[in-house]
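Taking it in order: structure first as structure tokens, then the write-up.
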Amino acid sequence: MWFRRDLRATDNTALYQALQSSPQVHCVFVLDSNILQQLPADDRRLAFIHSALAELDTSLRQHGGSLRVLHGDPATVIPQLARELNCQQVFCNRDYEPYARQRDAQVAASLTAEGRSLHCCKDQVIFECDEILTGQGKPYTMFTPYMKAWRKRFSALLAEPVPAPLQGAIATVPAAQQLPPLADIGFAGASLEGLKVATGRSGALDLLQDFGRRLKHYRSCRDFPAIKGVSYLSAHLRFGTLSVREAVTLALADGSDGAECWLNELIWREFYQQLLWHFPQVAETSFKEVYRDLAFPGEDAWFAAWCEGRTGYPIVDAAMRQLNHSGYMHNRLRMIVASFLVKDLLIDWRRGEAYFAAKLLDFDLAANNGGWQWAASTGCDAQPYFRIFNPVTQSEKFDPEGKFIRRYVPELAMLDNKAIHAPWLAKSLPAGFRLGQDYPEPIVDHAQQRELALALFGRTP
Ligand SMILES: Cc1cc2nc3c(=O)[nH]c(=O)nc-3n(C[C@H](O)[C@H](O)[C@H](O)COP(=O)(O)OP(=O)(O)OC[C@H]3O[C@@H](n4cnc5c(N)ncnc54)[C@H](O)[C@@H]3O)c2cc1C
């Protein structure tokens with residue numbers, strides 16, 4: 001059993017299938033050198049994964065075995081291990097990202113050449129690849145019809161978790177192949193500091209339980225970053241410390257209007273997964289061909305100000321500082337800062353996408369790319385390019401008392417509830433607060449930039 005983004009022993013399809021079909025199962029996780037070499041030594045995702053692996057190992061020990069952790073290129077390491085242990089079959093859960101598809105094809109080819117096989121199971125989503133298609137057998141490129149088809153198909157199916165692993169069939173591993181300390185793999189600086197979410201399988205279950213008590217209020221609270229209105233489960237769904245079936249089961253059991261709304265978000269997740277599967281080119285370029293050659297005129301200095309949370313737009317700066325500090329950003333804020341980068345700063349959405357990819361604990365290629373292309377109006381099902389978020393009115397609407405802004409931009413804490421959204425427009429500012437010194441003046445004028453964005457996007461045929 002080769003674990004990847006499914007770091008749990010419970011409700012894990014591939015583990016279950018492996019145990020069903022084999023008298024003994026060896027469990028392995030590979031610290032993938034192809035991925036790790038691109039990450040900085042203090043990448044907090046490594047600390048999150050490390051803590052999830054420690055819990056996974058504990059949980060496998062409760063079933064009489066343990067987890068083997070290897071470091072290297074999976075395309076070499078997995079066939080090599082299968083040879084050493086003389087395993088006939090390797091089980092894993094399917095991953096839909098272009099790199100993972102190519103890696104798995106390589107592993108499958110090597111195993112097959114030696115008379116072994118790779119079994120990829122569906123686990124990460126309820127419906128995958130070609131399971132939800134239009135009447136013409138084509139992939140959906142609009143969310144609403146996809147969501148309707150998903151729900152129709154789902155009503156016939158119960159999101160029942162997979163049974164727990166069988167006792168005693170998991171092999172133990174030698175101490176030398178157990179979980180190495182982070183320092184041994186070059187990530188001495190990776191820590192969970194600043195992280196708001198609890199880690200590991202236990203953290204996922206705690207969050208799920210806590211959210212279960214708040215789920216009925218999800219629809220009314222989900223857009224307000226200062227309120228604890230969302231689940232904060234994204235990193236757990238990303239690394240599989242929680243299964244999507246467990247999430248869907250919670251929504252079904254609750255049955256409230258809030259749960260209905262939350263289920264839709266889980267469907268958005270699957271929508272983007274299937275989109276990436278069918279249109280892998282979106283990882284590189286705009287879904288809509290017409291926007292592929294846009295010449296974004298935004299300045300590098302503006303991009304640096306956006307990254308560092310010093311654009312002079314308080315809600316944008318608070319959001320970016322939340323991301324930099326904690327590795328998380330609220331969904332409403334992701335939409336605001338993404339729109340601001342593309343439509344106000346006129347910077348290529350791919351630069352923002354890459355920045356999020358480097359910083360987000362829950363970074364997921366499909367969801368991140370989908371979110372960015374949605375905000376940039378370059379994606380499928382995109383809002384028309386002329387719908388542009390106004391960062392000030394968004395701030396007034398979704399953080400009316402400036403509570404979120406005050407938390408992350410403390411230099412604005414003394415401003416009143418009106419001035420805090422746009423200090424440069426305030427008739428008077430508190431004595432002792434100097435705009436331009438204590439906090440920057442806006443780096444661009446929203447109204448002017450809006451016109452430039454309309455001209456840029458409108459110029460295309
Ligand atoms: C520009 C941009 C970039 C994004 N990048 C990512 C990313 O890298 N990884 C990621 O998981 N989500 C991403 N999202 C989607 C969304 O913002 C996060 O999933 C959400 O904020 C995570 O918080 P939560 O778990 O409390 O969400 P909840 O509101 O509790 O939602 C539950 C789950 O549904 C899924 N989900 C919710 N909204 C979306 C969505 N719009 N698209 C896809 N899945 C969704 C997530 O798995 C989430 O954990 C992005 C959105 C935008 C606009």
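The values are calculated or read from the model by the stated rules, or taken from the named source; none is laboratory data. The model shown is predicted, which means the values in this text are computed figures rather than measured ones. All Cβ positions, glycine included, derive from the backbone under ideal geometry; neighbour counts span all protein chains shown. What goes into the accessible areas is simple: the full protein's heavy atoms, side chains included, and nothing from ligands, DNA or RNA. Shrake-Rupley method; radii C 1.70, N 1.55, O 1.52, S 1.80 Å.
Worth a mention:
- The stretch 312-461 shape via C-alpha gyration tensor axes, a/c threshold 1.5: oblate
- In terms of distances greater than 32 angstrom between alpha carbons, the cross-link table entries 122/148; 152/288; 122/397; 359/403; 122/343; 138/216 yield 122/397; 122/343; 138/216.
- FRET efficiency, 1/(1 + (r/R0)^6) with R0 41 Å, evaluated for residue 109 and residue 209 via beta carbons: 0.45
- Of the GluC sites (Glu not before Pro) in the stretch 45-125, the ones in a loop by DSSP (not H, G, I, E or B) with at most 16 other beta carbons within 10 Å are 114.
- Per-peptide average of other Cβ atoms within 10 Å, ordering 182-191, 361-370, 323-332 highest first: 361-370, 323-332, 182-191
- Straight-line cross-link partners of residue 418 among the aspartates and glutamates, defined as a Cα under 20 Å from its Cα and at least 8 positions apart when in the same chain: 223, 317, 396, 399, 401, 438, 441, 445.
- FRET E, pair residue 61, residue 253, Förster distance 35 Å, beta-carbon r, rounded to 0.05: 0.70
- The chain, accessible surface, carbon-and-sulfur percent (1.4 angstrom probe): 53
- Cα centroid separation, the stretch 264-302 to the stretch 441-461 (Å): 20
- Each peptide in 144-156, 219-231 gets a packing score, the mean of other Cβ atoms within 10 Å over its residues, and the list from highest to lowest is 219-231, 144-156.
- The stretch 128-219: GluC sites (Glu not before Pro) falling in loop per DSSP and having at most 10 other Cβ within 10 Å: 193
- Accessible area of the stretch 73-142 divided out per residue, in Å², using a probe of 1.4 angstrom: 46
- Taking the centroid of alpha carbons for each part, the stretch 107-169 and the stretch 401-428 are 47 Å apart.
- Fraction of antiparallel bridges per DSSP, the chain only, in percent to nearest 5: 5
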